[in-house]
Amino acid sequence: GVDVDPEAVELVKERYGKLATVLQADLRKLPLEDDSFDLVTCFETIEHVERAAEAIAELRRVLKPDGVLIISSPNPDVYVGHNEHHVHEFRPAELAEAVGEQLAHTAGYEQRAWLGSSIAAGAGGADGDLVPTDVLRLAGGEEEGPIYSIVVAADDAAPALEDLVAVGEAFEARWWEERVEEIREGAEEVRKDAMAAFD
């Protein structure tokens with residue numbers, strides 16, 4: 001693993017010891033040899049980086065010629081709230097295009113947070129069309145799209161991932177429900193304040 005924050009690196013070392021190797025480094029300048037890895041993952045990181053194209057090129061540099069890159073970003077059209085640390089959140093097609101500048105084949109996947117988290121083939125990849133998932137959202141309301149977009153990329157054909165739904169413990173579902181309710185209440189307050197300003 002790589003993290004720019006020395007405290008985060010130390011925390012991982014304390015928690016996982018010899019189970020994980022974690023380096024402190026900038027994603028745009030990795031202290032790693034060319035062609036080092038069969039698989040590189042970069043989840044919810046690229047949106048924090050200035051000059052993201054340099055970071056993606058660096059991920060490509062450390063990937064073996066037949067290796068696979070899996071990268072994700074919050075989708076700004078759906079992502080709830082604002083994170084002041086995000087430099088640029090990528091829309092699904094935009095992430096696929098950015099990765100496609102470095103690797104020949106991309107496939108787009110959608111991650112949605114329901115009571116669990118699902119990953120399914122989706123729009124945005126240069127090589128594929130939207131593939132519907134068999135898992136239906138049980139909560140009410142309109143489906144707005146994936147909260148996170150994921151791109152799997154390779155110079156050879158990008159491997160297809162199977163659809164996956166990961167369900168957490170009960171407290172996680174309650175925690176997410178509470179956060180959604182807080183956001184709804186906050187949005188209602190903003191709406192009331194806006195209406196009052198026009199009265």
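The values are calculated or read from the model by the stated rules, or taken from the named source; none is laboratory data. As the structure is a computational prediction, the values presented were derived from the model and not from experiment. Glycine gets a Cβ as well: all are built from the backbone with ideal geometry, and neighbour counts include every protein chain shown. Note: areas computed on protein heavy atoms with side chains; ligands, DNA, RNA excluded. Shrake-Rupley method; radii C 1.70, N 1.55, O 1.52, S 1.80 Å.
Quick check: is even one residue across the range 59-75 modelled with pLDDT of 95 or more and acidic (Asp, Glu)? No - not one qualifying residue is present in the range 59-75. Of the residues making up the range 47-87, those that are without any contact (Cβ under 8 Å) to a residue 40 or more places away in the chain, part of a loop (DSSP other than H, G, I, E, B) and in contact with a His (Cβ under 8 Å, 6 or more places away or on another chain) number 2. Exactly one residue out of Val99, Val78 is under 22 Å from Asp155 (Cα atoms) and among the β-branched types (Val, Ile, Thr): that is Val99. If you go through the range 2-44 and pick out every residue that is surrounded by 12 or more Cβ atoms within 10 Å (Cβ to Cβ) and in a loop (DSSP other than H, G, I, E, B), you end up with 11. Those residues that are within 22 Å of Pro146 (Cα to Cα), open to solvent by less than 20 Å² (accessible area, probe 1.4 Å) and of a type outside the set (A, V, I, L, M, F, W, C), I need them from the range 48-73; list them, please. Ser72, Ser73 - these are the residues of the range 48-73 that are within 22 Å of Pro146 (Cα to Cα), open to solvent by less than 20 Å² (accessible area, probe 1.4 Å) and of a type outside the set (A, V, I, L, M, F, W, C).
Need a quick list: strands (runs of 3 or more DSSP E) entirely within the range 88-189 having at least 1 residues that are modelled with pLDDT under 60 and surrounded by 14 or more Cβ atoms within 10 Å (Cβ to Cβ). Lay out the reasoning, then the answer.
Numbers: elements: 105-113, 116-121, 148-154, 164-167.
Output list reads 116-121.
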